[in-house]
Structure formats: C-alpha cells, structure tokens
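Working notes, structure below.
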Amino acid sequence: MKQVFFAPDGEIAALISRLDDLCEAAARGELAATSYLTPREVKYARAYLAARMSAGTALAWGGYPEAERVRMILLPDYLEGAVEPDALAADPVCALCEAGFDDTAQELSDLAIPLRIRGSGFRVLTHRDYLGSILGLGLDRDALGDVAVADDREAVVLCGAPIADFLMTHLERVATDAVRVSRLPEGESISLARRLSPVSDTVASERLDCVVAALCNLSRDKAQTAVRSGLVELDYEIVEDCAVTVDAPSVISVRGYGKFAVHTFDGTTRKGRIRLVAGKYI
C-alpha cells in the first residue's frame, strides 16, 4: 500500500506531484529529472521517493559531488542493479559509462553542464553579480545549479544543455563588466566550492537569536524580530522560535543579510561567553 506523505506547504506539494510524474516516466524506461532543487526541496524529495519507489534508482546530482543545488534523477527501471550504487552516488556519469550505458550517461551529462563565465578584470565580480545578471535575462532560479565564484573575475555555473546554449549566446555582461561564456573543456578541473569570508565572534549562548545577532552584526532585539518575522532559515527550514539551539555545523540564511556556515562553537572566554567560528558565503 502506498504510504501517505504529508507535504508541509504548497511548494513541496507541487514538487511531490512532479515526482509522481517522473516515477511513471522512469517506469516506462525513460531517464527523468527535476529542475534544480534547493537543499530543502532535496530533503523532502529524498524522503518521498524512499517511501514511494518500489523499483528503480533515484539519485541527486548537480554536476559534481559537492553540489548544493541538484536535480533529483530517476533512472530507468531496467538499470536497477546494473550499476554499482556507490559508484552512481559518487559520479553517475562515469559509473554509467563504465557499465556500458553511454547514451544514458550522455543524457545525464547534458543535465548539468559546467560553463565558465570570465570577466575582463575591470572590476571584482561577486556571486550576487553573476546570479543577478543571469536571472536578468529572464531565467528562473531553478534552471541553474550552483554558481561558484572561482576568483575575482571568473565563475562557473551549472545548467542544462538548452540553458547553456542560451547563456553562451546572450550573457554578455555581468554587472558593469563584459564577460565571455564558454563550456569547460572536458576533463578540466576547477574548484566549485563557494567562497567564505571568515566570521568570528562570541555569543551568550547557542540560541538562534544570539547567533543571528553575531553573524549579521545586529542587536539582540533586531535579531529576534528577524527570527519571529520568518526571515531566518536554519538548515534550510524557516524557524521562528528564537530559543531554538543552533548545532554546529549548520547553515543559517537571513533574508537581507546573506547566508552563513556555522563551523564550530569553540570553547568559552574568561567571561563565560561562547566562541563562534563561522563564515559568510561570498
């Protein structure tokens, strides 16, 4: 009997409906994939598919193993057991090629193509600059995977083949700088890790409002207002309770202030305050 899955909101309910369609496509022998999902969406998609699927293989893939924004990929039922699961999880494109499923591997590869966006060096370009200019062309955020800034003048963006062709044709400027867009040569490695600006402070406790105040350089009252207004996400879930304890490592997003990685709470000072070690995503 099919298990009942309760979606927490309309956004997740729409995702679940889409996953049902993809499961049917995979059962017909097709490779099926979602658009790029947020980490929160991936969490619910994994839970739903684990309960729903009686056959076939589902995996999360964003073009490289450490990707944050990924697609949920449903492989055709006939591939179940034909490819080593650990190899699929590590690098599904290579795993499928090594198992002799070259056409399926190519289809999967076309879902997450890495593009290099290179500026002139006229100005320092940030993650916000790249993302804003790309979305300014009329694309939705779920058409793009990770946007990773490699240095002050270059970034890599993951996207499907049609979007890759579109960007190579139409993306000519990022912020006020002229850019060139090209596919990464096959086999070229580049760091796709988002850069972090170090943040260190001390907090009275690991309560969410205390941590938000330290990360965003806010007063305790303003941090509490942000939390209670639904502006704060802890590990990609909105949390409106100021007293929730933040465990390290974790990710905190504060609308209007940015996204932060909480690394550790590293001991206490002589005055009894707790040392916070974190980083702000650039």
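Let's see how each residue does on (1) touching a residue at least 24 places away in the same chain (Cβ under 8 Å); (2) within 24 Å of VAL156 (Cα to Cα); (3) in a strand (DSSP E or B); (4) open to solvent by 20 Å² or more (accessible area, probe 1.4 Å):
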| residue | (1), (2), (3), (4) |
| --- | --- |
| ASP201 | yes, no, yes, yes |
| CYS210 | no, no, no, no |
| THR225 | no, no, no, yes |
| GLY267 | no, no, yes, yes |
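Residue check: is LEU208 of a type outside the set (Lys, Arg) and touching a Gly at 6+ places or on another chain (Cβ under 9 Å)? No: the conditions fail for LEU208. With the structure loaded, tell me whether LEU111 is closer than 18 Å to LEU22 by Cα and among the aliphatic types (A, V, I, L, M) or whether it fails that test. Yes; evaluated as a whole, the condition is true for this residue. Screening VAL147 with (1) at pLDDT below 95; (2) assigned to a helix (DSSP H, G or I) gives one miss only, at (2).
Determine whether segment 10-18 contains at least one residue that is under 25 Å from ASP146 (Cα atoms), open to solvent by 50 Å² or more (accessible area, probe 1.4 Å) and at pLDDT below 90.
Quick first cut of segment 10-18, residues under 25 Å from ASP146 (Cα atoms) only: 10-18.
Still in the list and also open to solvent by 50 Å² or more (accessible area, probe 1.4 Å): 10-11, 14, 17-18.
Of the ones still in play, those that are also at pLDDT below 90 are 10-11.
The answer is yes; a qualifying residue exists.
Taking SER120 as the residue in question, decide whether it is surrounded by 14 or more Cβ atoms within 10 Å (Cβ to Cβ) and either on the phi > 0 side of the Ramachandran plot or of a type outside the set (Lys, Arg) (or both). Criteria not met by SER120.
Taking each residue of segment 109-121 that is of a type in the set (Asp, Glu) and looking for partners that are open to solvent by less than 40 Å² (accessible area, probe 1.4 Å) with beta-carbon atoms closer than 9 Å, six or more apart or interchain, yields ASP110/GLY160; ASP110/ALA161; ASP110/ALA164.
Taking the listed residues ALA193, ALA155, the one that is assigned to a loop (DSSP other than H, G, I, E, B), modelled with pLDDT under 95 and closer than 22 Å to SER35 by Cα is ALA193, with no other qualifying.
Among the residues that make up segment 71-78, is at least one of them in a loop (DSSP other than H, G, I, E, B) and surrounded by 18 or more Cβ atoms within 10 Å (Cβ to Cβ)? Yes - at least one qualifying residue is present in segment 71-78.
Before we move on, is ALA99 at pLDDT 85 or above, open to solvent by 30 Å² or more (accessible area, probe 1.4 Å), of a type outside the set (D, E, K, R) and farther than 11 Å from ALA26 by Cα? So that I can check it myself, show each step before the final result.
Values: at pLDDT 85 or above: yes; open to solvent by 30 Å² or more (accessible area, probe 1.4 Å): yes; of a type outside the set (D, E, K, R): yes; farther than 11 Å from ALA26 by Cα: yes.
Yes, satisfied.
Taking segment 250-265 as the range and being touching a residue at least 24 places away in the same chain (Cβ under 8 Å) and of a type in the set (Ser, Thr, Tyr) as the test, only TYR257 passes.
The values are calculated or read from the model by the stated rules, or taken from the named source; none is laboratory data. If you're wondering where the values come from, they're calculated on a predicted model, not measured in any experiment. Cβ coordinates were reconstructed from backbone atoms using ideal geometry, including for glycine residues, and neighbour counts include every protein chain displayed. The area values use the complete protein model at the heavy-atom level, side chains included, leaving out ligands, DNA and RNA. Shrake-Rupley method; radii C 1.70, N 1.55, O 1.52, S 1.80 Å.
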